[in-house]
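Quick notes on the structure that follows.
Derivation of every value follows stated rules applied to the coordinates shown; laboratory data play no part. Owing to the predicted nature of the structure, the values given are computational and were not obtained by experimental measurement. With ideal geometry, Cβ positions are generated from the backbone for all residues, glycine too; neighbour counts draw on all protein chains shown.
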């Protein structure tokens, strides 16, 4: 049996065990997948104990993705670009670190929401770890450009410069966002966690796809985007399941179907009940 798990703090809310057990059922693979609560200053000790106890791989959630990056011995290009690791694999010799967040978001946008990112103008609000984790994967799809807005202008400028080798990225302050519509707006800030809403210009989301990386409730950003005439509004549950599928493939070499799992969670777990609101339907 493949021993897997997820390490975080807090961890009770994690849907990862349910998701990965559903993936395993598709292929008839026996796995164990446990939630592991790590003390804030004891990630390495917790990870080492899990691996020494027969652990084959594990996911990492907040607040340990940076620690997981340092803990890894061999990093993928995605992990290096993100500066963080959300998936670790151990082959009894080497600890491999991967980051599937960005690719998970891209898969949700392209496959489930049917959006082609090529030549699109994409606004990402926020320039923290969440934004850094998704930038390379989006730029790999050759958008026209990414507009990176942050409360602290300097932070967005630094991140834009760092990722300019992958494509066109422009950094600026949130107060410099224009009311001119863009193709896709992604909220990568913590405002949804806090239940707050940014001061964004009216008309920004008109006809756009608006995506909040948070999942589990209809966020203030999602409500505002609908009022601002967005074409599609989505939370981040699809991203969660898609990045989990990529982790599963990283460990076991098999890529599971994701839409059945997304629908199962919507139907059986107490979450915001609609994956995406599409005014075309």
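Remark: 65, 223, 136 ranked as 223, 136, 65, counting other beta-carbon atoms within 10 Å and listing the fewest first. DSSP beta bridges confined to the stretch 145-281 are antiparallel in about 20 percent of cases. Build a GNM of the chain with springs between Cα atoms under 10 Å apart, and of 193, 265, 19 the one that fluctuates most is 193. For the chain, the longest principal axis of the Cα atoms and the long axis of helix 129-139 meet at an angle of about 80 degrees. With one equal scatterer per alpha carbon and no solvent term, the Debye-computed log10 I(q)/I(0) for the chain at 0.10, 0.11, 0.16 1/Å reads -0.51, -0.62, -1.28.
Helix 259-268 and the longest principal axis of the C-alpha atoms of the chain enclose an angle of approximately 90°.
Give the percent of DSSP beta bridges with both residues in the stretch 2-99 that are antiparallel, rounded to the nearest 5.
The answer is about 35 percent antiparallel.
Report, in whole Å, the centroid distance computed from the Cα atoms of the stretch 191-259 and the stretch 15-87. For the stretch 191-259 versus the stretch 15-87, the Cα centre distance is 23 Å. Our helix-only sum for the chain, with -39,500 (n - 2.57) per DSSP H run of n ≥ 4 divided by its residues, gives a mean residue ellipticity at 222 nm of -10500 deg cm²/dmol. Here the chain carries DSSP beta bridges of which approximately 25% are antiparallel, counting only pairs with both residues inside.
Springs join every pair of Cα atoms under 10 Å in this Gaussian network model of the chain, and among 72, 32, 16 the largest mean-square fluctuation is at 32. Relative to the longest principal axis of the Cα atoms of the chain, helix 153-163 runs at roughly 60 degrees.
Pair-distance distribution P(r) for the stretch 168-281, from all Cα-Cα distances in 10 Å bins starting at 0: 14, 39, 32, 14, 2 percent. Going by neighbour counts of Cβ atoms within 10 Å, the residues 248, 23, 50, 71 line up, fewest first, as 71, 50, 23, 248.
log₁₀ I(q)/I(0) of the stretch 18-116 at q = 0.13, 0.17 Å⁻¹, via Debye over equal Cα point scatterers, no solvent, to two decimals? Relative scattering, expressed as log10 I(q)/I(0), comes to -0.52, -0.86. In plain terms, the residue of 69, 211 with the fewest other Cβ atoms within 10 Å comes first and the most crowded comes last, giving 69, 211.
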